[in-house]
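Below is one structure, written out as structure tokens; comments come after it.
The values are calculated or read from the model by the stated rules, or taken from the named source; none is laboratory data. No experiment lies behind these values; they were computed from the predicted model shown. Note that each Cβ is placed from the backbone with ideal geometry, even for glycine, and that neighbours are counted across all protein chains shown. Side chains are part of the model used for accessible areas, which takes the heavy atoms of the whole protein and leaves out ligands, DNA and RNA. Shrake-Rupley method; radii C 1.70, N 1.55, O 1.52, S 1.80 Å.
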Amino acid sequence: MTKSADVIVIGAGIIGLSVAWRLAKAGVSVIILEQGQAGAQASGAAAGMLAPLSEADKPGPFVELGIASLRMYPDFVASLKEESGLETECVSPGLLRAALNAEEAEALQTANRWQQATGLKAVLLSGEEARKIEPGLSPDIVVATLSPDEKQYESPRLVRALALACARRGVQIIENAPVTGFQTFGDRVEQVRTLTDVWEGSSVVIAGGAWSKAIGEWLGVNLPVSPIRGQILSLRALPPPIRYTVYSHAGYLVPRPDGRIVVGATAEEAGFDVRPTAGGVAHLLMMAPALVPSLKEAVFDSVWAGLRPATPDRLPILGLLPGWRNVHAACGHFRNGILLAPITGEAVALSILSPDPHPMIEPFRADRFQ
Ligand code: GLY
């Protein structure tokens, strides 16, 4: 059966939902085609850190994009709460990035110099100073950076709120609807096909996470996104041993308001296999008490894995696809899909709604891979 919408978004992860929500707010009719369940892949698995400084190794367009998105978060979640009725705010005093040896300490000190210039707070602390504000930290931590602006949200809750807000704005989210092909005419995609339906739309957005590459191939465009598995687990400990997110070279600990500590994450090339492994879990269980020794006594809660959508340069792919007049990319967010959701929604919606592209989109175009 042939149906229609102004914009067809492929993928109902946090990125597809964010683009759809932004478009729906502008009065555009949107359909999302999701091969499985909304938010069931990387978005639902993510620890939910908003950490543009900690996730970058140098200044540049990625940090600027991340900071711009971080600054959008307060309005983004306030509007989400209003439209979905769900509270997504996560109370967090910020993030402590810890160094356990001289080499890591030097890297933190070097990074601190460019971090200071970004306008976000990044305070260098001695190990002793860090333990004063977070007494559960290991005595082996020699230096730490405190970033009070780097918060965290519970990502499954964010995704649920976004899906609800989208639905209330009339966005149809069609689950279990993998895309099977396109009907094209010249430099335009006219129809998107699923197993059961044919969708006509004026614009198409590819937000297929780790699965975006195959969609690009149908259009002859290189979207080099591949899956990097992240295994992640949660522990329970009362009283909560940390208040800050603790981030290190080897992994991170994210304290949730319900008393869980999320421990992440491995980074592995394992195709599309999302099964946690003994080695992955062992790594995380060793790493957690190395940062916070009392976690040895924590109770094991659960383990899961997600597939980060990684590009060769680890930067997202945003904006109009080369050679196509109505197909837009919103994929390849690698470790930062949660952080970059608001700015991606804004930038990709603008690329559809306006002749003037978002000013930050240029370094992230798919053209760089053609
Ligand atoms: N953003 C953290 C991770 O991907 O593990």
Scanning segment 187-233 for residues that are free of Cβ contacts under 8 Å to residues at least 60 places away in the same chain and not aliphatic (A, V, I, L, M), which turns out nearest to the ligand (Cβ to nearest atom)?
213
Per the list (1) touching a helix residue (DSSP H, G or I) at 6+ places or on another chain (Cβ under 9 Å); (2) modelled with pLDDT under 95, residue check on residue 317 breaks on (2)
Residue 16: within 16 Å of the ligand (Cβ to nearest atom) and either of a type in the set (Gly, Ala, Ser) or open to solvent by 50 Å² or more (accessible area, probe 1.4 Å) (or both), yes or no?
no
Tell me the residue from 83, 55, 64, 89 that is touching a Leu at 6+ places or on another chain (Cβ under 9 Å), more than 16 Å from the ligand (Cβ to nearest atom) and not polar (S, T, N, Q), please.
83
Residue count for segment 106-145, restricted to those that are more than 20 Å from residue 293 (Cα to Cα) and not in a loop (DSSP other than H, G, I, E, B):
13
Please determine, by comparing only the residues of segment 19-28 that are closer than 14 Å to residue 344 by Cα and not aliphatic (A, V, I, L, M), which one is surrounded by the fewest Cβ atoms within 10 Å (Cβ to Cβ).
22
Considering residues that are within 8 Å of the ligand (Cβ to nearest atom) and polar (S, T, N, Q), the number found within segment 334-349 is 1
Can you tell me which residue in segment 349-370 is most open to solvent (accessible area, probe 1.4 Å), limited to those that are within 16 Å of residue 61 (Cβ to Cβ) and touching a strand residue (DSSP E or B) at 6+ places or on another chain (Cβ under 6 Å)?
365
Test of understanding: among 70, 96, which residue is assigned to a helix (DSSP H, G or I) and within 16 Å of the ligand (Cβ to nearest atom)?
70
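Collect the residues in segment 295-304 that are under 17 Å from residue 240 (Cβ atoms), in contact (Cβ under 8 Å) with a residue 12 or more places away in the chain and either charged (D, E, K, R) or surrounded by 15 or more Cβ atoms within 10 Å (Cβ to Cβ) (or both), keeping them in residue-number order. Talk me through it step by step, then tell me what you get.
Our first condition is that a residue be under 17 Å from residue 240 (Cβ atoms); within segment 295-304, this holds for 295-301.
Add one more test, that the residue is in contact (Cβ under 8 Å) with a residue 12 or more places away in the chain, and what stays is 295, 297-301.
Correct list: 295, 297, 298, 301.
Is it the case that residue 36 is touching a residue at least 24 places away in the same chain (Cβ under 8 Å) and surrounded by fewer than 19 Cβ atoms within 10 Å (Cβ to Cβ)? Before the answer, list the steps.
On the way: touching a residue at least 24 places away in the same chain (Cβ under 8 Å): yes; surrounded by fewer than 19 Cβ atoms within 10 Å (Cβ to Cβ): yes.
The answer is yes for residue 36.
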Within segment 323-333, track down each residue that is small (Gly, Ala, Ser), within 22 Å of the chain's Cα centre (by Cα) and away from the ligand (no atom under 16 Å from the Cβ).
329, 330
If a residue has to be within 11 Å of residue 151 (Cα to Cα) and open to solvent by less than 60 Å² (accessible area, probe 1.4 Å) to count, how many in segment 55-98 make the cut?
8
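Out of curiosity, is residue 164 within 19 Å of the chain's Cα centre (by Cα) and either more than 16 Å from the ligand (Cβ to nearest atom) or among the basic types (Lys, Arg) (or both)? Even if it seems obvious, please write down each step before you answer.
Working: within 19 Å of the chain's Cα centre (by Cα): yes; either more than 16 Å from the ligand (Cβ to nearest atom) or among the basic types (Lys, Arg) (or both): yes.
Here the answer is yes, as residue 164 does meet what is asked.
What residue, of 320, 315, 307, is under 26 Å from residue 219 (Cα atoms), within 16 Å of the ligand (Cβ to nearest atom), open to solvent by 10 Å² or more (accessible area, probe 1.4 Å) and not basic (Lys, Arg)? Before you say what the answer is, go through the steps one by one.
Numbers: 320 fails: within 16 Å of the ligand (Cβ to nearest atom); 307 fails: open to solvent by 10 Å² or more (accessible area, probe 1.4 Å).
Just one listed residue meets the conditions, 315.
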